[in-house]
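Structure first, commentary second.
Throughout, read-outs are computed from the coordinates displayed, never taken from laboratory work. Not measured: the values here are computed from a predicted model. Cβ placement follows ideal geometry from the backbone for every residue including glycine, while neighbour counts extend to all protein chains displayed.
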Amino acid sequence: MNKARGFLQEFREFAVKGNMMDLAVGVIVGAAFGKIIDSLVKDIVMPLISFILGGEVDFTNQFLVLRLPEGYSGPETYEALNSAGAVILSWGSFLTILINFILLAFVVFCMVKALNRMRDAVHKKEVAAEAEAPPAPTPEDVLLLREIRDALKK
């Protein structure tokens, strides 16, 4: 019983530590940030790619049918083929998710780089402030001990 109580106490301390809370906040902010990146790709990047390629290009609906079900004669849309049990290679969806990942990784890289630059600038200011600060005056007891030492040497 005592071991279980100690275990529960240790778990409670772990769960309410700052690191655990920081992790929870990071996960929540990361999920929201992922939605922003998805919107960036869907609403900004892909329309620009469509414009550059000169047409209505929607990579999420690009697929390759590997095998149709026997006797299938319905529409050849992704939803219809998927619900009919066709074997589909959805390369367009993968490409969209890959672009999302690359953009997200790029944004995170830029943020980390900027944070490191800011942290280095603050560190340099702290080091410069320490270097400029005059040394603290020697305490009286140390001065007295030095005088006694010097007198004993004579």
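Structural remarks
- Helix content alone sets the calculated 222 nm mean residue ellipticity of the chain: runs of n ≥ 4 DSSP H residues at -39500 (n - 2.57) each, divided across all residues, give -23500 deg cm²/dmol.
- (i) 8.2; (ii) 10.1; (iii) 24.5, with the label sought being that of the calculated mean projected area of the Cα convex hull in nm²: (iii)
- Within the chain, the longest run free of exposed loop sites, counting GluC sites (Glu not before Pro) that sit outside DSSP helix and strand states (H, G, I, E, B) and have at most 16 other Cβ atoms within 10 Å, spans 77-154.
- For a straight C-alpha distance cut-off of 26 angstrom, the lysines reachable from residue 35 (same-chain residues fewer than eight places away being disregarded) are 113.
- Once the Cα atoms are used to define both axes, helix 91-132 deviates from the longest principal axis of the chain by about 10 degrees.
- Label-to-label distance, residue 119 versus residue 93, with points set 7 angstrom from Cα along the beta-carbon direction: 3.8 nm.
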